[in-house]
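Below is one structure, written out as structure tokens, with a few remarks after it.
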Amino acid sequence: MHRSNQSWLRLLLQLFGLLLVSGIAYLSLGAFRDPTQSGHAMLSSVVWATFGPHLVLLAALVFVAGMLACRKKPAWLSGALLTVSLAALAGSIFITASIITAVERAGGTINLLASLHLQSMQDGGPDEWIQLPRQDHETARIAIYRPVQTAMAPVLVYIHGGGFKTGSITETDRDLRWFADRGWLVFSLGYRLWTEQQATWQLAPQDVYCAAVWVQANASRYGGDTTRLAVLGDSAGGNLALNLAYQGARSEMSSVCPGPALQAAAVVVQYPAVDPLAIYQHGYPVPGFEPTMLVAGYLGGDPYQYPERVAAVSSYSYLHAEAPATLIFAPEKDGLVPSWSVYRFADYARLAGVEVELVRIPFASHIYNQMAANSVGNQARLSITLRFLQQLGLAPLLAE
């Protein structure tokens, strides 16, 4: 009877292991498909930059267990477990190693041990909140993260993403604190998000412009050096960051907020929404976050009925040779902001005379860096940004 119980337990463990590695193999196959055309690919692309090392470790453990059980009955189950776990292990190693290799080639660093210890993107919050003067809407706020040494600290201005519909100025709280701990003075800017009652294609750019004017005028009071200032943005915030910095370089943007335009020495953006039509036409329809809904909501209707609004928000409209040096992160499996649209923008920016560095992250999706702190994707974003800003002389001594 005891031996019979052991046999049943072994059988259940083998079936459970087979289920696990079948899931990993399924995700490995999906990683090679087009995420703008397949839900399978969308699901797979979300996983690897965050959980890749965990899946490699899990597949390896099941493979070892399969090796130990290869002579146990039933033989077909042992053989299936060994075969599928080997396939899952090979696929997960290839995908994860490809991501790490691309990051290291781009000058980033990955700590594999740290990548197994995932953390929340929320930390202790900002050191101070500022409500902008003469701005009465709730999003007219700035979150400030102060470095330990505040004298002549380089400045980072961050603009969050969220499809112009969601998101908050502290959604990447731990990353913003990471930069402050290394000597940057960090300002995270809010802006109005669109609702069913109000499109914000004009309002959101005005909001970040007004907040940026305040930063330009007041950063020195917090110990910031605005001659060494970089603008960071993700997704929708990447669009706003590019448009803000590129217009600021020529002082082109008129605003209801008086004051000097922000003068950025560099821009760092991730999966930026540079081309609203590409997103509208080709983005994968994630339920509740459909690209057609996001673009139409921001513009106030079908973009083909409002070509002037499309031109006003498109980052192509602001390309010129005086634009600051730009680093663009482009996850290669982005189903929301199609990867090819970001590659194409980088090409056109170079043609316009902009100094552009494009970093492609294989097998990575939209918000590949924001799922968890310490993940491979999160380490990639931080370490490559650090390297880029160091090369431009925009990093504090603490970070070097």
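The values are calculated or read from the model by the stated rules, or taken from the named source; none is laboratory data. Predicted, not measured: the structure shown is a model, and the values here were computed from it. Note that each Cβ is placed from the backbone with ideal geometry, even for glycine, and that neighbours are counted across all protein chains shown. These area figures cover heavy atoms from the full protein model, side chains too; ligands, DNA and RNA do not enter into them. Shrake-Rupley method; radii C 1.70, N 1.55, O 1.52, S 1.80 Å.
A few notes on this one:
- Test: residue in the stretch 86-103 that is at pLDDT 90 or above, assigned to a loop (DSSP other than H, G, I, E, B) and closer than 30 Å to Ala143 by Cβ: no
- Of the residues making up the stretch 40-50, those that are touching a helix residue (DSSP H, G or I) at 6+ places or on another chain (Cβ under 9 Å) and open to solvent by 10 Å² or more (accessible area, probe 1.4 Å) number 4.
- Scanning the stretch 205-247 for residues that are surrounded by fewer than 24 Cβ atoms within 10 Å (Cβ to Cβ) and among the small types (Gly, Ala, Ser), we see that the one that is farthest from Ala321 (Cα to Cα) is Gly223.
- Screening the stretch 282-328 for residues that are acidic (Asp, Glu) and either within 21 Å of the chain's Cα centre (by Cα) or in a helix (DSSP H, G or I) (or both) and picking the one that is farthest from His40 (Cα to Cα) gives Glu308.
- Residue under evaluation Thr109, criteria (1) open to solvent by 20 Å² or more (accessible area, probe 1.4 Å); (2) outside any loop (DSSP other than H, G, I, E, B); (3) within 20 Å of Leu386 (Cα to Cα), criterion not met: (2)
- Leu29 vs. criteria modelled with pLDDT under 80, of a type outside the set (Ser, Thr, Tyr) and either under 18 Å from Ser78 (Cβ atoms) or open to solvent by 30 Å² or more (accessible area, probe 1.4 Å) (or both): no
- Conditions (1) open to solvent by less than 50 Å² (accessible area, probe 1.4 Å); (2) in contact (Cβ under 8 Å) with a residue 24 or more places away in the chain: number failed by Ala346: (2)
Each row is one residue, and each column tells you yes or no for (1) under 20 Å from the mean Cα position of the chain (by Cα); (2) touching a residue at least 60 places away in the same chain (Cβ under 8 Å).
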residue	(1), (2)
Ser188	yes, yes
Ala211	no, yes
Gly223	no, yes
Tyr246	no, yes
Gly259	no, no
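- Tally of residues being assigned to a strand (DSSP E or B) and in contact (Cβ under 8 Å) with a residue 60 or more places away in the chain across the stretch 141-185: 9
- Taking each residue of the stretch 291-318 that is farther than 20 Å from Leu242 by Cα and at pLDDT 95 or above and looking for partners that are open to solvent by 40 Å² or more (accessible area, probe 1.4 Å) and of a type in the set (A, V, I, L, M) with beta-carbon atoms closer than 8 Å, six or more apart or interchain, yields Pro303/Leu277.
- Taking the listed residues Ala97, Ala87, Ala49, the one that is within 30 Å of Gln281 (Cβ to Cβ) and of a type in the set (A, V, I, L, M) is Ala49, with no other qualifying.
The rows are residues; the columns are (1) out of contact with any Leu (no Cβ under 6 Å at 6 or more places or on another chain); (2) open to solvent by 50 Å² or more (accessible area, probe 1.4 Å); (3) within 20 Å of Tyr158 (Cα to Cα).
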residue	(1), (2), (3)
Leu262	yes, no, yes
Gln270	yes, no, yes
Asp275	yes, no, no
Thr292	yes, yes, no
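- In the stretch 126-140, the residues that are open to solvent by 50 Å² or more (accessible area, probe 1.4 Å), closer than 22 Å to Trp184 by Cα and part of a loop (DSSP other than H, G, I, E, B): Asp127
- Any hit, the stretch 262-269, residues being part of a helix (DSSP H, G or I) and on the phi < 0 side of the Ramachandran plot: no
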